[in-house]
Amino acid sequence: MTIYSYAPGGYHGHIVAVEVDCRTGIPGMDIVGLPASEVREARERARVAIRNSGFEFPVKRILVSLSPADVPKIGNGFDLAIAAAILEGSGQLPVIAATSVLMIGELHLDGAVGPVRGALAAVAEGRDAGIRGFVVPGSNLAEARSVEMRTTGIRRLQELPRAVEMLERVGDSRRAPKVGPPEPAEPAPGTMLRDYRELRGQGDLKRVLEIAAAGGHHALVVGPPGGGKSAAMGLYPTIAPPLSREESIEVTRIHSLAGEAPRRHGLLVHRPFRMPHHNASTEGLLGGRMPHVPGEVALAHCGTLFLDEALEFRRPVLQGLREPLEHHRVRVVRARGNYWFPAAIQLLLATNQCPCGLLGRSDRECLCSLAEVDRYWRKLGGPLLDRIDLRVHLAPLPLEALPETDSSAAIACRVREAGEFRTRVRKQAKQNRDLTATEVGAEQSLSGSAREIFAEASSKLRLSTRASLSVLRVARTVADLHGGLQIREEHVLEAISYRRYGEERPLWAPGDAIR
């Protein structure tokens, strides 16, 4: 049989053939094929683990070749494949009908097989390459079997011969476990609230987030500190729709490459909600630290990236979000090669109006100069702001004036019904935020009055082509929430009201900066 392993590198990575040549000579072992330091160290781990597992290590000159030779071999997952190739070359592994087996795992000195990153990605890539059997660490078995049933897990090297014999009896590779209905999503870590009912008032903001959840739209919330921006955004996972099975596989694959996959529970069922700190670097957000480690943007794929205090992030970090928002992927170019991860994210931003946060408050004075406020907002920039579909401004209100609003369950129910209307009635698989102008018009034309209002608003607000299409997309989502096939006048008016902020007037009022 041919033994393969997996070299992480972007979303796909590389399948690596592991070949061993044992010949007469001075005892020793060499590994060739661009191995990184952790792969070169596998020769000592494999030697000791084989001996401590009751096998015989060949007293010969051993050459381990990892091909293709021009692909850098990075990570700790090659140990098991190298040890298996040595055992096969010395006749200590059984021969099975399967002609190819992919193995990943880190060996401990006592023979234990430890978990590795990217188990799901390795098995999925191997399946697509036609490999017929897979051996993974026992702690990675749940995520690996979520995409390929012809997989077996081992916890110690002694179990390898039996695992190889069992590969043909594991089951039909076309079968896969079903993903049950997800439990209610938990709010983001760090928030004290558990339900939107506990967040008094802010009905406009909750409506914006409901539309954002139903259509996948990007949103910006501006207001002074203490208005409820972070609390409302932190509760967003409680109303986000669940993942489909295909989305679950993609999300779990990326999190597996980052070492964050739920090893005991298979696939992730909740949409990711990533909330990086404003000191995050460009590499940490977009990727680039290592070829096989995704950044926060990729980890938010099919979910939400929430930037609290968005204008405290560095400008290169914010501007780097334009490609993921436009093309739904993040591409990193490095001297060692180019790689990419999918990044179909929903961007939520929350920020103050000025660096000190007091601009716009009637009871406090803002001491920021016009230049400071202008420099503060220039970090966001026009091109990125133009991609934000929903904008809302919060004004501080006394607690006694804040009414109770709908619960998270009620909002989530409306979001789910809008999603079912989009897929079952309109027969549209895309999120509304991704619809083209042709697709919006092809489904159902605007009513006559809605078309007139849209044309007048586009002219008065001097909306760009992208901004005009954004208004139509939001109006389509509002219509879905009301169960209407046709985009009507009230739907367009509501969509325009969320776009006017930043178009008709600036996001901050220069006259309010000096008191």
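Every number here is computed from the coordinates shown, using simple stated rules; none is lab data. For clarity, every value in this text was computed on a predicted model and none was experimentally measured. With ideal geometry, Cβ positions are generated from the backbone for all residues, glycine too; neighbour counts draw on all protein chains shown.
Quick notes on this one:
- Structure-based [θ]222 nm, the chain - -39500 (n - 2.57) summed over DSSP H runs of at least 4, per residue, nearest 500: -9000 deg cm²/dmol
- Cα-based equivalent ellipsoid of the chain: semi-axis lengths in Å, sorted from largest, via gyration tensor: 52, 25, 20
- When both the range 255-317 and the range 450-485 are represented by their alpha-carbon centers, they are found 32 Å apart.
- Across the options Val440, Gly138, Ala479, the greatest Cα extent toward the positive end of the charge dipole of the chain (unit charges at beta carbon of Lys, Arg, Asp, Glu) belongs to Gly138.
- Sequentially through the range 221-226, phi angles give Karplus couplings (6.51, -1.76, 1.60; θ = phi - 60°) of 10, 10, x, x, x, x Hz, Gly and Pro residues having no value and appearing as x.
- Semi-axes of the equivalent ellipsoid for the range 410-497, computed as √(5λ) from the eigenvalues of its C-alpha gyration tensor and ordered from largest down, come to 22, 13, 12 Å.
- Coordinate range along principal axes, alpha carbons of the range 198-356, Å, largest first: 49, 35, 26
- Ascending count of other beta-carbon atoms within 10 Å, so fewest first, for His277, His14: His277, His14
- Distance cut-off 19 Å, percentage of C-alpha pairs in the range 19-119 lying past it: 40
- Sequentially through the range 204-213, phi angles give Karplus couplings (6.51, -1.76, 1.60; θ = phi - 60°) of 5, 5, 5, 5, 4, 5, 5, 5, 4, 5 Hz, Gly and Pro residues having no value and appearing as x.
- For Met29, residues with placed amide H under 5 Å, excluding near neighbours: Ile62
- Within a straight-line Cα-Cα reach of under 25 Å, Lys430 can be paired with the following lysines, leaving aside sequence neighbours fewer than 8 residues apart in one chain: Lys178, Lys206.
- Taking amide H positions as modeled 1.01 Å from N, with prolines and chain starts lacking one, the residues under 5 Å from Phe134 and 5 or more places away or on another chain are Leu102, Thr152.
- Relative contact order of the chain: 13 percent, from C-alpha pairs under 8 Å at least 6 residues apart in sequence.
- Close amide H partners of Phe273, meaning residues 5 or more places away or on another chain with modelled amide H under 5 Å apart, are Thr304.
- Phi angles across the range 111-123 convert, under the Karplus curve 6.51 cos²θ - 1.76 cosθ + 1.60 with θ = phi - 60°, into 3J(HN,Hα) values of x, 5, 9, x, x, 9, 6, x, 4, 5, 4, 5, 5 Hz, Gly and Pro given as x.
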